[in-house]
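Just so it is clear, none of the values below were taken in a lab; they were calculated from the coordinates. Small disclaimer: the values here were computed from a predicted structure and weren't measured. All Cβ positions, even for glycine, are placed from backbone atoms using ideal geometry, and neighbour counts span all protein chains on display.
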């Protein structure tokens, strides 16, 4: 099978993923956050996640392998869906049952041209925040009895309101929300000439195929040869012969569930799904440069461990960093049960390697209470480090602060990970 080519624009873009470097004035900091196992864009012919050794100004992340409905119960609603929705912003708890029910009825009306008479919703056990929405009409069977006649079932994530319908077609209930700022059609012009609406519909489709582990359907959406966790597959038959049914990384699917497929990161190499680059999409071209449309060119972390998902992070604003102290935000924008431990490690880059800095006080004076921090979605925890007390203040240089993080429930088969934030103290 001939290799695919990918459309490249003539634009030159300087892109930095998952790290923001800001030059400050005297006493201010240059900062960058790099989570364990985060993806960088890599070469245009591979699209794989890159996690090489740190260079000057980057954070050292340590080891990259530390983690390896038929009956409806619950809320129900009768009657008509509202005519329009505005300001229904997702909160840390996700959309409410009432919001999802209203959105589902309006979505069905938009797609099918009629409104179901009734809707019910229930949480789906053993899923990542998924709910089952049943749209139905009551049918009179005489003699005072009636039954529910199903119009449609939606299975969606409570936070993104995305999922599938009865026939496993992609569903995005947020399509009915009013007041949403439209994505410019040239938003992905660095990667493709195709309009944003087409790019995002394709992204939603392959996202659901991966979440459903529908390998047969996904095989038709891959650009061959396709790279998956470093291995290359040259044909659909070779891809389907691989065993992807065991040893799958649950954090891979957490990142996909959290992906909204709107305003995704892109560069000349492709379009990224997942906060740390789990899936890369590009426009494939034939030998005569005619377009094959969008295809998946690389999948990262399907089987291999990449640490905790990107929604678990630690960062600081430039204005909150001085030689004497720094204030960091510990975040968990997932449904995982995450704690940040009290301890931390501070390192300084000496031009060749990262060197541990020894505090001026004993450990029992640094951590007298054995405190742990437990951020949750929409509720970050603020953590302040007294650099003057612990280290006598920081001199000019590049530093990395690392904190241990645990997934209490061991979702990925292991509980331990790290988050690192790098910053620079300027003269």
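Among 114, 269, 329, which comes first, then next, by fewest other beta-carbon atoms within 10 Å? Before the final figure, lay out the partial values.
Details: 114 10, 269 23, 329 17.
Neighbour counts put them in this order, fewest first: 114, 329, 269.
Each residue in 156, 355 was given a count of other beta-carbon atoms within 10 angstrom of its own, and listing them fewest first yields 355, 156. When both segment 284-336 and segment 141-206 are represented by their alpha-carbon centers, they are found 24 Å apart.
Neighbour counts of C-beta atoms inside 10 Å place 389, 107 in the sequence 389, 107, starting with the fewest.
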